[in-house]
1. For the condition modelled with pLDDT of 95 or more and either buried (at least 19 other Cβ atoms within 10 Å of the Cβ) or away from ligand 2 (no atom under 16 Å from the Cβ) (or both), what is the one hit in 396, 391?
2. Tell me, which strands (runs of 3 or more DSSP E) lie completely within the stretch 141-207 with 3 or more residues that are under 13 Å from residue 222 (Cβ atoms) and touching a strand residue (DSSP E or B) at 6+ places or on another chain (Cβ under 7 Å)?
3. Just checking: which of the strands (runs of 3 or more DSSP E) contained wholly in the stretch 1-84 hold 3 or more residues that are in contact (Cβ under 8 Å) with a residue 24 or more places away in the chain, of a type outside the set (A, V, I, L, M, F, W, C) and surrounded by 15 or more Cβ atoms within 10 Å (Cβ to Cβ)?
4. What do you reckon, is residue 404 within 13 Å of ligand 2 (Cβ to nearest atom) and surrounded by fewer than 15 Cβ atoms within 10 Å (Cβ to Cβ)?
5. Would you please name the residue that is nearest to ligand 1 (Cβ to nearest atom), looking only at residues in the stretch 364-410 that are more than 19 Å from the chain's Cα centre (by Cα) and under 22 Å from residue 339 (Cβ atoms)?
6. If you check every pair at least six apart or on different chains, which have Cβ atoms under 7 Å apart with a residue in the stretch 412-432 that is over 16 Å from residue 364 (Cα atoms) and of a type in the set (A, V, I, L, M, F, W, C) first and a residue that is more than 10 Å from ligand 1 (Cβ to nearest atom) and assigned to a loop (DSSP other than H, G, I, E, B) second?
7. Looking at (1) of a type in the set (A, V, I, L, M, F, W, C); (2) away from ligand 2 (no atom under 16 Å from the Cβ); (3) in contact (Cβ under 8 Å) with a residue 40 or more places away in the chain; (4) closer than 20 Å to residue 309 by Cβ, which one does residue 458 not meet, given that it meets all the others?
Amino acid sequence: MEKWIITCNPNYYDVIGAFDEFDILNWKQSVNVHVGDIVYIYVGKPCGAIKYETKVIAVDLPEAKPYDSDYVIDGSNFEEYGKYMELQLLRTFDDELLPYKILKNEGLKSVQGPSRMTNELEKFISNQIDQSIEMDNRRYFFVFQNKSYSEEFKGAYLWAPQHGDNGRKVSHWEQMKDVQKGDLIIHSYLKKIVAISIAEADVYEADRPTAKGVHDEWNNKGWRVNAKYYPITNPIVTSDHMDKLLKLQPESKAPFNKLGRGNTGYLFTANKNMAEYVIRESSEIQFTNSEKEQLLRLLNKSNVQSDENKLDQELLDDIDSMLKGAANQHITYTPEPKEKPKANVSKGKRSYPRDRKVAMNALIRANHKCEIDVEHPSFLRRSTNTSYAEPHHLIPMASQNEFEHSLDVEANIVSLCSNCHNQIHYGLGSDILIEVLYKERKDELGQAGITISLSDLLNLYQ
Ligand SMILES: [Zn+2]
Ligand SMILES: [Zn+2]
């Protein structure tokens with residue numbers, strides 16, 4: 001597999017419009033590309049950036065299919081080109097992610113394509129993409145909760161006073177001020193890593209919790225972080241891993257001193273590498289697969305927001321027109337793990353594309369009935385005369401990042417009447433609907449390589 005970069009002049013061809021409408025485009029083929037190669041498309045001014053990642057799915061075609069002719073602005077460049085290839089869109093990038101002004105410092109000499117991508121450019125591009133998908137403005141912390149662990153765990157929070165006696169500030173308490181929603185915290189208790197938590201909201205000022213004997217001697221005014229705790233059943237002992245932890249921990253405000261002892265204090269700084277190490281090592285020694293997987297999922301839990309509702313609405317629109325002539329097809333589906341889709345990156349937000357055909361199959365498979373109760377009333381589609389139902393991803397696509405396999409599969413898409421669909425997204429009692437569907441789909445999901453517990457699933461809807 002080789003990687004190429006080609007250019008497109010948007011004054012001649014409106015590639016942005018074309019990729020908005022089509023997932024596959026024909027392209028003139030002047031170099032020796034092969035099926036399976038990756039082609040990046042650099043879109044010239046006013047865009048001036050690599051905007052598309054595509055995969056070559058056919059080569060040496062004698063002529064281009066004319067379906068995208070609406071987007072040809074000046075055709076003089078396109079006639080009788082000779083050979084064509086077919087490109088399938090994999091991902092779309094924001095203009096700011098890979099603009100020429102950055103690329104030219106990274107070995108992109110000129111953007112006269114097509115050309116083979118240099119190793120250095122290839123590396124740079126994949127780093128840029130990874131980082132932007134990475135989200136991470138997430139921060140990582142390490143907390144020693146020896147006296148307060150059980151109270152804080154029960155109450156799902158962390159708390160530290162703002163001042164010590166006579167108003168002095170204490171750096172390991174001051175750290176609390178940095179915790180934001182989505183940050184990850186490693187919990188140490190009696191020299192073991194007993195839990196990982198994710199901050200559910202930014203830190204805020206709060207009085208000392210009232211539990212007796214825990215925070216008594218401290219000043220009343222403090223900082224509090226509400227966090228969702230994920231307790232670890234079989235915890236690792238920090239001293240067993242001290243060499244590695246000392247190497248990984250950050251240089252300042254770190255939890256351990258050079259001798260490998262925990263620093264005296266409450267909250268310290270960790271980092272991504274340290275969190276990854278702790279979580280992977282912990283997951284190794286858990287007793288059940290679901291415990292292992294739940295831990296590993298925490299690594300991917302993102303604090304980036306994504307606008308999935310809009311994508312779901314587009315899906316509904318598209319499906320209505322696609323169902324024409326297909327609504328009564330016979331669908332056979334065998335659940336199996338499928339490679340997960342790649343995220344699109346836009347304005348620091350990530351989103352996952354939805355395969356129209358898969359969602360349509362899911363409706364047909366359910367015979368266009370509501371899977372909560374087939375008796376739920378609906379109306380007929382104008383387009384097809386079949387009962388109206390809507391596809392819904394039981395495990396939301398927004399959490400795709402946390403899973404190894406694609407969530408955009410028939411096994412994960414249920415057919416719902418519009419009432420149930422809206423209740424599941426916006427209504428009270430949605431957990432009851434989710435539980436019904438979960439029980440129905442649990443086995444199929446497993447066969448598709450997707451495992452999740454009911455309580456984890458309910459959490460994804462909050
Ligand atoms: Zn939905
Ligand atoms: Zn219903």
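1. 391
2. Numbers: elements: 157-161, 184-189, 192-199, 204-207.
Qualifying strands (runs of 3 or more DSSP E): 157-161, 204-207.
3. Working: elements: 3-8, 24-28, 38-43, 49-61.
Of the strands (runs of 3 or more DSSP E) lying wholly inside the stretch 1-84, those with at least 3 residues that are in contact (Cβ under 8 Å) with a residue 24 or more places away in the chain, of a type outside the set (A, V, I, L, M, F, W, C) and surrounded by 15 or more Cβ atoms within 10 Å (Cβ to Cβ) span 49-61.
4. Numbers: within 13 Å of ligand 2 (Cβ to nearest atom): no; surrounded by fewer than 15 Cβ atoms within 10 Å (Cβ to Cβ): yes.
No, not satisfied.
5. So in the stretch 364-410, the residues more than 19 Å from the chain's Cα centre (by Cα) come out as 364-391, 410.
Now restrict to residues that are under 22 Å from residue 339 (Cβ atoms): 365, 391, 410.
Numbers: 365: 17, 391: 7, 410: 15 Å.
Restricting to residues being more than 19 Å from the chain's Cα centre (by Cα) and under 22 Å from residue 339 (Cβ atoms), the top hit is 391.
6. Note: pairs meeting the criteria are 420/370; 420/372; 420/376.
7. (3)
Yes or no, residue by residue, for (1) closer than 21 Å to residue 191 by Cα; (2) buried (at least 18 other Cβ atoms within 10 Å of the Cβ); (3) at pLDDT below 80:
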| site | (1), (2), (3) |
| --- | --- |
| 128 | no, yes, yes |
| 132 | no, yes, yes |
| 139 | no, yes, no |
| 155 | no, no, no |
| 160 | yes, yes, no |
| 163 | no, no, no |
| 169 | no, no, no |
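The values are calculated or read from the model by the stated rules, or taken from the named source; none is laboratory data. Note that the coordinates shown come from a computational prediction; the quantities given were computed from them, not determined experimentally. Neighbour counts run over all protein chains shown; Cβ positions are idealised from the backbone, glycine included.
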